[in-house]
Amino acid sequence: MSEFAVVSEFQRRRPAGKALRAGLAVAVAAGGVLAVSALPAAAAPKKCYAGQWVSTGLTAKISGRSNETGKMQNVKYQGMAGIKLKLHPVDGLVYNFTGSKRETFAGTNVEGERTEGWEKLTGVLYLPAKITGDKKGVITSKNKKAKGPATGTGQNTKPEIASWGTWKVADHAKIGHFDTPVVKKATFTCTPGKKLVIKDVRKWDTFTETLTMNFKPKKKKA
């Protein structure tokens, strides 16, 4: 959720994430010759963050003074529980937004007006990324390689009702316009088997967006 040089955010929003051990088995073969064979390499331990998670919700905030109006924007966002997220050390992130809740927002836009509205995402987004660390680390997205059928829609309900239409989430990511849960360069902390917290800070022009997303492990089907 960024602003195409401020204006795009106004138009869309109106409020202007090797250690292998090998062993050797030694045996005495017939004739007294030693035969040496390598045991299979042990599998690398699974990363704490790797696997499938479900969001319990997110909070975000966009603030900054507009160069155009000279007024401060301060808008808060919340919601989007139910996003299914898969993280893989090599492949990156896979979002499944289908079935997740809306995000709602409220605050003051760059015109100094009260603004409110909502956004809803659905479908799957593939976001290649470099993930470093284990229980703590950094997710650096390769957003220009984003793909998938995920779409978004939303509208303002204040100061007036205005639809944003429908867009492709991957198309937004490719041009650096990050919908709220789509990370740019995020940090994470992981509690094994219990919780994953992802935080991202995105800046453009005179604006700063802060994002915090909380996840719990996805329950395995019986």
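Of the residues making up the stretch 81-97, those that are part of a strand (DSSP E or B) and in contact with a Phe, Trp or Tyr (Cβ under 7 Å, 6 or more places away or on another chain) are 85, 87, 94.
From the residues in the stretch 193-205 that are modelled with pLDDT under 95 and part of a loop (DSSP other than H, G, I, E, B), which one is farthest from residue 122 (Cα to Cα)? Only one residue tops the list, namely 205. Filter the stretch 97-128 down to the residues that are over 23 Å from residue 75 (Cβ atoms) and surrounded by fewer than 20 Cβ atoms within 10 Å (Cβ to Cβ) and list them by number. Passing the criteria: 98, 99, 123, 124, 126, 128.
Go over the candidates 221, 216 one by one and state the one that is within 15 Å of the chain's Cα centre (by Cα), more than 23 Å from residue 65 (Cα to Cα) and not aromatic (Phe, Trp, Tyr). Only one candidate passes the filter, namely 216.
Residue 90 meets each of the listed conditions (1) of a type in the set (A, V, I, L, M); (2) modelled with pLDDT of 95 or more; (3) at negative phi apart from (2).
Taken together, the residues in the stretch 41-73 that are under 22 Å from the mean Cα position of the chain (by Cα), part of a strand (DSSP E or B) and at negative phi amount to 11. Would it be correct to say that residue 165 is surrounded by fewer than 16 Cβ atoms within 10 Å (Cβ to Cβ) and either at pLDDT 95 or above or among the aromatic types (Phe, Trp, Tyr) (or both)? Answer is yes for this residue.
Only one entry of 83, 131 meets the criterion of being in contact with a Pro (Cβ under 8 Å, 6 or more places away or on another chain), over 14 Å from residue 58 (Cα atoms) and surrounded by 16 or more Cβ atoms within 10 Å (Cβ to Cβ), and that entry is 131. Inspect all residues belonging to the stretch 180-190 and state whether any of them is on the phi < 0 side of the Ramachandran plot, touching a Cys at 6+ places or on another chain (Cβ under 8 Å) and modelled with pLDDT of 95 or more. Yes: one or more hits.
Would you confirm, using the coordinates I've provided, whether residue 160 is loosely packed, with under 14 Cβ neighbours inside 10 Å, of a type in the set (Asp, Glu) and either part of a helix (DSSP H, G or I) or out of contact with any Lys or Arg (no Cβ under 6 Å at 6 or more places or on another chain) (or both)? In short, yes. Just one of the numbered conditions (1) modelled with pLDDT of 95 or more; (2) loosely packed, with under 15 Cβ neighbours inside 10 Å is not true of residue 39: (1).
The values are calculated or read from the model by the stated rules, or taken from the named source; none is laboratory data. The model shown is predicted, which means the values in this text are computed figures rather than measured ones. Here Cβ is always computed from backbone atoms with ideal geometry, including for glycine, and neighbour counts include all displayed protein chains.
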